[in-house]
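Below you'll find the structure, written out as structure tokens, and then a few comments.
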Amino acid sequence: MHGKFITFEGGDGVGKSTQASLLEQRLRELGEKVYLTREPGGNELCEQIRELLKVSPKMDRICSLLLLFAARREHFVKTISPLLERGYFVICDRFYDSSLVYQGILEGIPIEAILELKRLTLQDFEPNLTLVLDMKAESSLHRLRSRRLIQDEYDALNIEGHNRIREGFRKIAETFSFRAVLIDAEGTKEAVHSRIFTTVEEKLSFGGAPVAID
Ligand code: TMP
């Protein structure tokens, strides 16, 4: 695949969506073909699955996991993969690391079972770069509360829950260090964007398609 797949990960309220769109804009300004998407969701059918997950927050946890991977497979086959083939930068707000943390570490589903589903649905496909946004649990909880973003069951977790999620994502960054980088998400959105962009420049090469000489 010619394109690059960049994922944003981290707990709720750390600023992933804002940073994903700032990166989208920046790459677009540089003349790159960019597509911003998210999980769960990302295309019509997958957004319907997101709605199902939202309306049934008390759904059985294995059922939620299977729906998340069903949506992920559909998103990968119909949206992500074709765009990468066409040379796009695809930026995804959350990907399978979120399942490892929320369904695995938080909900207690065995990690090996989740990795097995990952292999079944995505084979050896991995992001080219995963930006793990890291922030003190007190700060992310404060941000969620002040922005009235407490809307789903994970948002509503207390400080201990936010800490477990944070630790989970830190572990992801360590375990998948071949593709994942921990980003300090404290500070202004401009400061965080600048840290992110430096990492993207360092880890991925870009600057438009090479010009053919003959
Ligand atoms: P969002 O608010 O970042 O769009 O994510 C919606 C919620 O879904 C968030 O609380 C995390 C949760 N989630 C999982 O539990 N597992 C997953 O695999 C994904 C992608 C999200």
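Please pick out the residue among Glu153, Glu138 that is modelled with pLDDT under 95, out of contact with any Ser or Thr (no Cβ under 6 Å at 6 or more places or on another chain) and part of a loop (DSSP other than H, G, I, E, B).
Result: Glu153 is the single residue among Glu153, Glu138 that is modelled with pLDDT under 95, out of contact with any Ser or Thr (no Cβ under 6 Å at 6 or more places or on another chain) and part of a loop (DSSP other than H, G, I, E, B).
I'd like the full set of residues that are over 23 Å from Asp60 (Cβ atoms) and within 11 Å of the ligand (Cβ to nearest atom), limited to segment 83-94. Don't jump to the end; show me each part of the working.
Within segment 83-94, the subset over 23 Å from Asp60 (Cβ atoms) is 83-93.
Once the filter is applied, which keeps residues that are over 23 Å from Asp60 (Cβ atoms) and within 11 Å of the ligand (Cβ to nearest atom), segment 83-94 yields Cys92, Asp93.
Tally the residues that are more than 17 Å from the chain's Cα centre (by Cα) and away from the ligand (no atom under 16 Å from the Cβ), restricting the search to segment 26-55.
The number of residues fulfilling the criteria is 9.
Any residue at all in segment 91-100 that is closer than 15 Å to Lys16 by Cβ, assigned to a helix (DSSP H, G or I), among the acidic types (Asp, Glu) and touching a residue at least 24 places away in the same chain (Cβ under 8 Å)?
Yes; the residues of segment 91-100 include at least one that is closer than 15 Å to Lys16 by Cβ, assigned to a helix (DSSP H, G or I), among the acidic types (Asp, Glu) and touching a residue at least 24 places away in the same chain (Cβ under 8 Å).
Can you find, within segment 105-141, the residue that is nearest to the ligand (Cβ to nearest atom) among those that are under 16 Å from the mean Cα position of the chain (by Cα) and either free of Cβ contacts under 8 Å to residues at least 12 places away in the same chain or under 18 Å from His193 (Cα atoms) (or both)?
Among them, the one singled out is Leu133.
Within segment 8-23, restricting attention to residues that are surrounded by fewer than 24 Cβ atoms within 10 Å (Cβ to Cβ) and aliphatic (A, V, I, L, M), which residue is nearest to the ligand (Cβ to nearest atom)?
Looking at residues that are surrounded by fewer than 24 Cβ atoms within 10 Å (Cβ to Cβ) and aliphatic (A, V, I, L, M), I get Ala20.
Restricting the first residue to segment 37-49 and requiring it to be aliphatic (A, V, I, L, M), which pairs with a second residue that is open to solvent by less than 30 Å² (accessible area, probe 1.4 Å) and within 11 Å of the ligand (Cβ to nearest atom) meet a Cβ separation below 7 Å and a spacing of at least six or different chains?
Ile49/Ala71
Within segment 95-113, is even one residue farther than 19 Å from Phe169 by Cα and open to solvent by 10 Å² or more (accessible area, probe 1.4 Å)?
no
Quick test of your reading of the structure: Lys58 fulfils all but one of (1) open to solvent by 40 Å² or more (accessible area, probe 1.4 Å); (2) part of a helix (DSSP H, G or I); (3) of a type in the set (D, E, K, R). Name the failing condition by number.
Unmet condition: (2).
What do you reckon, is Gly41 open to solvent by less than 10 Å² (accessible area, probe 1.4 Å) and modelled with pLDDT of 95 or more?
In short, yes.
The values are calculated or read from the model by the stated rules, or taken from the named source; none is laboratory data. Keep in mind it's a predicted model, so treat the numbers as computed, not measured. Positions of Cβ are generated from backbone atoms using ideal geometry, with glycine treated the same way; all protein chains shown enter the neighbour counts. Accessible surface is based on the protein model in full, side chains and every heavy atom, while ligands, DNA and RNA are left aside. Shrake-Rupley method; radii C 1.70, N 1.55, O 1.52, S 1.80 Å.
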